[in-house]
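Only one structure is covered here, and it is reproduced in the block below.
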Amino acid sequence: MTEITAPPRFRQGAGRLCLDYVRTLRYRGTPRAQEELADGAALAEWVRQCGPALDAPRAPVEPTGAVVREARALREAVYALVAAARTGDGAAAAPAVRGRLNRAAAQPVPVPRLTAEGELRWRADEPVTAVLALVARDALELAAAPALLARLHECAAADCGAVFLDASRPGTRRWCSMDVCGNRAKKSAYRARN
């Protein structure tokens, strides 16, 4: 009997961990904006789905409301830093933005270990804090990499607002996801022609 698994809850594929994290505010800047980190359970699920495969040293504790608010503030700091860096001046990000990211990046990150089965697993005493430290570090690295910043694009779908790293050879990718926004645009263009 095959086990049926639920589809992933959060969208991935933006090309960087920090950009996937920014996408937890779906449809940013539109009237349809949706908060995907609604509570501690959602934040814990994002860490489980999008972070490295963690072995928790004890039973996971659902993040508190304060941790969720801080996680959302970190997301907005990542967005602000990337937006400033895309203009060519990452230093233009507000001092509070840089401070928040620097503090988050200074937290302990997951530590790798190889299992007896040859799988790479990660361990963190505080999984949410550790994965958010990875997000912050990734954002700082991205903001300081002009070659990567030149490959950041906004999704061509008018109602999406997602930013993604275009790793295609020609650098002409238009949508954050061909499966979602790209498909929708192609269907719409097809209907308009027929």
Inset, instruction - Answer with one residue from L25, C50, L165: the one whose Cα lies farthest towards the positive end of the charge dipole of the chain, charges on Cβ with Lys, Arg +1 and Asp, Glu -1. - result: L165
Inset, instruction - Over the chain, give the accessible area per residue in Å² for a 1.4 Å probe, as an integer. - result: 57 Å²
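Can you quote the Å³ per residue value for the convex hull of the Cα atoms in the chain, rounded to an integer?
Values: hull volume 34.4 nm³, N = 194.
Given the Cα convex hull of the chain, per-residue volume reads 177 Å³.
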Inset, instruction - Starting from the Cα of N194, step 7 Å toward the Cβ, then list every residue of segment 135-174 with an amide N under 18 Å from that point. - result: none
Inset, instruction - Quick one: work out the % antiparallel among DSSP beta bridges in the chain, nearest 5. - result: 80 percent
Inset, instruction - With unit charges on the beta carbon (Lys/Arg positive, Asp/Glu negative), name the residue among A92, G118, L140 whose Cα is farthest towards the positive pole of the charge dipole of the chain. - result: A92
Legend entry - Simple Cβ-charge dipole of segment 65-123, Lys/Arg +1 and Asp/Glu -1, about Cα centre, in debye nearest 20: 160 debye
Inset, instruction - With the full set of protein chains in place, find how many percent of the accessible area of segment 101-194 is carbon and sulfur; take the probe as 1.4 Å. - result: 54 percent
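Evaluate the charge dipole of the chain about its Cα centre and quote only its size in Debye, nearest 20, assuming +1 on the Cβ of each Lys and Arg and -1 on the Cβ of each Asp and Glu. If you can, show how the numbers build up before the last one.
Numbers: 29 positive and 21 negative charges, 173 e Å.
In debye, rounded to 20, the chain gives about 840.
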Legend entry - 5 angstrom amide H check on R151, placed H, neighbours 5+ away: none
Inset, instruction - Take the alpha carbon atoms of segment 9-87, find their center, do the same for segment 157-178, and report the distance between the two centers in whole angstrom. - result: 19 Å
Legend entry - Candidates P95, P63, P146: whichever shows maximal mean-square fluctuation once the chain is modelled as a Gaussian network with Cα springs under 10 Å: P95
Inset, instruction - Compute log10 of I(q)/I(0) for segment 139-183 with the Debye formula, placing one identical point scatterer on every Cα and leaving out solvent, at q = 0.22, 0.26, 0.28 Å⁻¹, to two decimals. - result: -0.74, -0.92, -0.99
Inset, instruction - Springs between alpha-carbon atoms under 10 Å, Gaussian network over the chain: tell me which of R72, R23, R103 tops the mean-square fluctuations. - result: R103
Legend entry - For segment 67-138, alpha-carbon Rg and Dmax in angstrom: 14.7, 47
Legend entry - Estimated vicinal HN-Hα couplings, Hz - segment 103-116 in sequence order (Karplus 6.51, -1.76, 1.60; Gly, Pro = x): 5, 5, 5, 7, 6, x, 9, x, 9, x, 8, 9, 7, 4
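The values are calculated or read from the model by the stated rules, or taken from the named source; none is laboratory data. Here the structure is a predicted model, which is why all the values come from computation and not from measurement. Every residue, glycine as well, gets a Cβ built from its backbone with ideal geometry; the counts of neighbours run over all protein chains shown. Surface areas here come from the heavy atoms of the whole protein model, side chains and all, with no ligands, DNA or RNA. Shrake-Rupley method; radii C 1.70, N 1.55, O 1.52, S 1.80 Å.
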